[in-house]
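One structure is given here, and the rest of the page talks about it.
The values are calculated or read from the model by the stated rules, or taken from the named source; none is laboratory data. Please read all numbers here as calculations on a predicted model, not as lab measurements. Cβ placement follows ideal geometry from the backbone for every residue including glycine, while neighbour counts extend to all protein chains displayed. Quick note on the areas: whole protein, heavy atoms, side chains included, nothing else; ligands and nucleic acids left out. Shrake-Rupley method; radii C 1.70, N 1.55, O 1.52, S 1.80 Å.
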Amino acid sequence: MTDVSPPAQPRGDSPLDLPEDDPFGPYNLPYGVCTTAGRPERPHIVVRYGDHVLDAGGAAAAFGSEHTELLQQPLLGPLMAAGRPVWQAVRAELREWLTAPEHRGTTAGFLRPLSEATMRLPFEVADYVDFYASEHHATTTGQILRPENPELPPNWKHLPIGYHGRAGTVVVSGTPVVRPRGQRKPPQEDAPVFGPSQRLDIEAEVGFVVGTPSAHGESVPLAAFRDHVFGVALLNDWSARDLQGWEQRPLGPFLGKSFATSLAAWITPLDALDAARVPPPPRDRALLEYLDDAAEPEPGGIDLRITVAVNGHTVSEPPFSAMYWTAAQQLAHMTVNGASLRTGDLFASGTVSGPELSQRGCLLELTWGGKNPLELPDGKRTFLEDGDEIVLSAWAPGASGTRIGMGEVRGVVRPAR
């Protein structure tokens, strides 16, 4: 259990006094799980506020919250499973504790600098599904990989295409990524060879975290999206393009994708992105009823502005608002056959790309399959080299003209073992 006695209040300016434009202010309040140097054996739920973290369980106990037990858990799972009314109530409490003048003295004692926290994967990933929801990405990769037949697959605008990934290799931001080994078939060879991937890539994506489960045999309609999705996080679905290209026909990605998926340490509540909701791009195909969102009261798109950096150098700024298929449509399609949801299910958007060269969300697109290397301050890149560090960051418009910051996804490539 969390110690309910607050430590000494931080000296100097209070961490509760944030600039109005801080992207991790009271309109955001993302959840994470961390340990500290003094208590490495005790993972606990924290909420980010500026460049500090709030011990949510400790604060809840000090204020006598009825949600104390949920916030004193070592993972977010129980809170996620509690359902939307509880999510809203807890979020309201957290905002009050952090902003009400009468609570400053108590709340400040449960804040610690973010630099003192070691972030962990904040929930146990149950299942992982990756989609292919960007028309710009699908069109461009078709032109690169199938120049003789670059058209979208005939089903692409009728349903969100996806595949099941490997939940056990979803890792928290900052975890090094070891270059995978496997089979690949160079074009000039008659037979495949085995060894480290030579075309290691990234995929800038947005992940959605399921909180409330659903019953096996029942589907989740578009209108129930908010009842099941707890929050949103940036995600890098690393890809070994050479392994993937050789193995994926006829059943799709396998070893080329399953070696690592990096997830942000911070889960932004879905409600924090209310001001960022936008209509998706115009649809030029009639949709079946379960996917038709034309009459939904809330627009399904989200205006997230993503930045992709390689070794500190920005190479792309993909717009999530350009995604053809929305997260609500992805969830509806994922469950329309009766597949059940579990707390901790994670589904990702697929590579986020826009119409411009500067908006492409993977190196395959940015370098046109390796033919047009990127010019970086430390040399040219077609695909990733050992030692390269990839950082994804993003923000969204928030309430009252604020910005909502998304937790970054960071990963360094290590040599194959």
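For the stretch 43-57, check the following and say yes or no: at least one residue is touching a strand residue (DSSP E or B) at 6+ places or on another chain (Cβ under 8 Å) and assigned to a loop (DSSP other than H, G, I, E, B).
Scanning the stretch 43-57, I find at least one residue that is touching a strand residue (DSSP E or B) at 6+ places or on another chain (Cβ under 8 Å) and assigned to a loop (DSSP other than H, G, I, E, B), so the answer is yes.
Gly405: within 24 Å of the chain's Cα centre (by Cα), open to solvent by less than 10 Å² (accessible area, probe 1.4 Å), on the phi > 0 side of the Ramachandran plot and touching a residue at least 12 places away in the same chain (Cβ under 8 Å), yes or no?
No: the conditions fail for Gly405.
For the stretch 266-296, how many residues are open to solvent by 30 Å² or more (accessible area, probe 1.4 Å) and β-branched (Val, Ile, Thr)?
1
Looking for whichever is within 20 Å of Gly83 (Cβ to Cβ) and in contact with a Pro (Cβ under 8 Å, 6 or more places away or on another chain) here; the options are Phe230, Phe208. Which one fits?
Of the residues listed, the single one that is within 20 Å of Gly83 (Cβ to Cβ) and in contact with a Pro (Cβ under 8 Å, 6 or more places away or on another chain) is Phe230.
Among what's in the stretch 20-42 and is touching a strand residue (DSSP E or B) at 6+ places or on another chain (Cβ under 7 Å) and of a type in the set (A, V, I, L, M, F, W, C), pick the residue that is farthest from Ile404 (Cα to Cα).
Taking the candidates together, the pick is Cys34.
Tally time: how many residues in the stretch 175-195 are of a type outside the set (A, V, I, L, M), open to solvent by 50 Å² or more (accessible area, probe 1.4 Å) and either over 23 Å from Thr367 (Cβ atoms) or in a strand (DSSP E or B) (or both)?
6
Name every residue in the stretch 295-310 that is modelled with pLDDT under 95 and of a type in the set (A, V, I, L, M), in order of residue number.
Ala295, the sole residue that qualifies.
Give the number of residues within the stretch 127-152 that are more than 26 Å from the chain's Cα centre (by Cα) and either under 21 Å from Ala233 (Cα atoms) or of a type in the set (Val, Ile, Thr) (or both).
1
Mind checking which residues of the stretch 298-311 are touching a Pro at 6+ places or on another chain (Cβ under 8 Å) and within 30 Å of Val413 (Cα to Cα)?
As a first pass, look at the stretch 298-311 and keep what is touching a Pro at 6+ places or on another chain (Cβ under 8 Å): 299-301, 303-306, 308, 311.
Those that are touching a Pro at 6+ places or on another chain (Cβ under 8 Å) and within 30 Å of Val413 (Cα to Cα): Asp303, Leu304, Arg305, Ile306, Val308, Asn311.
Tell me which of these Thr141 doesn't satisfy, since it passes every other one: (1) closer than 30 Å to Glu289 by Cα; (2) among the polar types (S, T, N, Q); (3) surrounded by fewer than 18 Cβ atoms within 10 Å (Cβ to Cβ).
With respect to (1) closer than 30 Å to Glu289 by Cα; (2) among the polar types (S, T, N, Q); (3) surrounded by fewer than 18 Cβ atoms within 10 Å (Cβ to Cβ), Thr141 is out only on (3).
Do you know which residues across the stretch 121-138 are part of a loop (DSSP other than H, G, I, E, B) and either crowded, with 17+ Cβ neighbours inside 10 Å or aromatic (Phe, Trp, Tyr) (or both)?
Leu121, Pro122, Phe123, Val125, Asp127, Tyr132, Ala133, Ser134
Check off (1) in contact (Cβ under 8 Å) with a residue 40 or more places away in the chain; (2) within 29 Å of Arg410 (Cβ to Cβ); (3) buried (at least 21 other Cβ atoms within 10 Å of the Cβ) for Leu70 and give me the number that stays unchecked.
(1)
Kindly list the number of the only condition in (1) at pLDDT 95 or above; (2) surrounded by fewer than 24 Cβ atoms within 10 Å (Cβ to Cβ) that fails for Arg249.
It is condition (1) that Arg249 fails.
Can you spot a residue in the stretch 87-102 that is in contact (Cβ under 8 Å) with a residue 40 or more places away in the chain and assigned to a loop (DSSP other than H, G, I, E, B)?
There is no residue in the stretch 87-102 that is in contact (Cβ under 8 Å) with a residue 40 or more places away in the chain and assigned to a loop (DSSP other than H, G, I, E, B).
Mind listing whichever residues of the stretch 337-346 are surrounded by 22 or more Cβ atoms within 10 Å (Cβ to Cβ) and out of contact with any His (no Cβ under 8 Å at 6 or more places or on another chain)?
Of everything in the stretch 337-346, those that are surrounded by 22 or more Cβ atoms within 10 Å (Cβ to Cβ) and out of contact with any His (no Cβ under 8 Å at 6 or more places or on another chain) turn out to be Gly344, Asp345, Leu346.
Just give me the residues in the stretch 307-336 being of a type in the set (Val, Ile, Thr) and open to solvent by less than 40 Å² (accessible area, probe 1.4 Å), in sequence order.
Thr307, Val308, Val310, Val315, Thr326, Thr335
State yes or no: is Ser353 out of contact with any Leu (no Cβ under 9 Å at 6 or more places or on another chain), closer than 18 Å to Val129 by Cβ, of a type outside the set (A, V, I, L, M) and not in a strand (DSSP E or B)?
Considered against the rule, which asks whether it is out of contact with any Leu (no Cβ under 9 Å at 6 or more places or on another chain), closer than 18 Å to Val129 by Cβ, of a type outside the set (A, V, I, L, M) and not in a strand (DSSP E or B), Ser353 comes out as no.
Please specify each residue of the stretch 238-267 satisfying the condition of being of a type in the set (Lys, Arg) and not in a helix (DSSP H, G or I).
Correct list: Arg249 only.
Would you be able to tell me the number of residues in the stretch 349-397 that are open to solvent by less than 30 Å² (accessible area, probe 1.4 Å), free of Cβ contacts under 8 Å to residues at least 24 places away in the same chain and of a type in the set (Asp, Glu)?
0
Kindly provide the set of residues from the stretch 154-174 that are part of a loop (DSSP other than H, G, I, E, B), in contact (Cβ under 8 Å) with a residue 12 or more places away in the chain, more than 22 Å from Leu366 (Cβ to Cβ) and of a type outside the set (A, V, I, L, M, F, W, C), ordered by number.
The answer is Lys157, His158, Pro160, Gly165, Arg166, Gly174.
Can you list residue pairs whose Cβ atoms sit under 6 Å apart, with the first residue in the stretch 327-340 being more than 16 Å from Gly301 (Cβ to Cβ) and the second being among the small types (Gly, Ala, Ser) and open to solvent by 10 Å² or more (accessible area, probe 1.4 Å)? Count only pairs 6 or more apart in sequence or on different chains.
Taking only residues 6 or more apart or on different chains, the pairs are Thr335/Ser219; Val336/Ser219; Gly338/Gly217; Ser340/Ser214.
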